[in-house]
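Contents: one structure, followed by commentary.
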Amino acid sequence: MSTPQDDPNGQGNRQGEGQPWSAPGTGGTGQGGHVRPGAYGQGDGGGRYDYQSAQQPSSYAYPTPPAGGSGPADKGPAPAEVQRAYYLILAAGILYLVASVVSGLTTPVPDAPGASIGVGLGIVFAALFTAVYIVLAVFIRKGHNWARITATVLAGLNVLSVLSSFLLLPLVGQAAEATGQAAVQPSGLSLALSVIVMLLGVAGVVLTYAKPARPYFAPRKLGY
């Protein structure tokens, strides 16, 4: 029959018996090699556990919109055709004002009440129309499709105006002779300037519809 002295494992099995029990959270190492749990917020061996690091957001970078919010993506520089269209339409607008001033100064004014006022109003209208040309040219260079469409409509109206003026001039002259009145004929310089304005505007609009320029006027997508 073996005794505790004869059993070398007996003491090891009983080691730790009779030791006071430590409440959880006091930390440290008890007798018998048993490790007592540490306090909340502390690691084993009394080392403090930084539980706040577990609350830190992950390093995953969420996609953020570009500066200034989600807006139209930049189209980049305008194609060469759009740049040429810009200068052509700009030149057409300026030359239109010049042609209107030349027409008002060189065309004979009939001796009728308010005739001079009509000439002045014509020049004011030409100045406003020139401003429209400039605005359309600026927005065409920025790639706005509505400006291209508006310029197309105005160029078409200008073509009809110039052609109708050439077609109606003989009829106006014949009607004036039949009534015994002097027909008011515009000067040749004024007519030449009108034709040049028409050609510049049409050329500028046609360039905006060229194949290299079409993608520049495509609807813009929101950039994220």
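Derivation of every value follows stated rules applied to the coordinates shown; laboratory data play no part. What you see is a predicted model, and the numbers here were worked out from it, not measured in a lab. Reconstructed Cβ throughout: ideal geometry from the backbone, glycine too, with neighbour counts over all protein chains shown.
Listed values for the range 87-102 are Karplus-derived 3J(HN,Hα) couplings in whole Hz (6.51 cos²θ - 1.76 cosθ + 1.60, θ = phi - 60°), namely 5, 5, 5, 5, 5, 4, x, 5, 5, 5, 5, 4, 5, 5, 5, 5, and x replaces Gly and Pro. With K and R counted +1 and D and E -1, the other residues having a Cβ less than 11 Å from that of Ala78 yield a net charge of +3. Extending 7 Å from the Cα toward the beta-carbon at both Arg214 and Ala80 defines two label points whose distance is 2.0 nm. Each label was represented as a point 7 Å from its Cα along the Cα-to-Cβ direction; for Leu121 and Leu160 these points are 2.2 nm apart. For the peptides 121-133, 144-156, residues were scored by their other Cβ atoms within 10 Å and the scores averaged per peptide; the highest-first order is 144-156, 121-133. Computed from label points 7 Å out along Cα-Cβ, the spacing between Thr179 and Trp146 is 4.3 nm.
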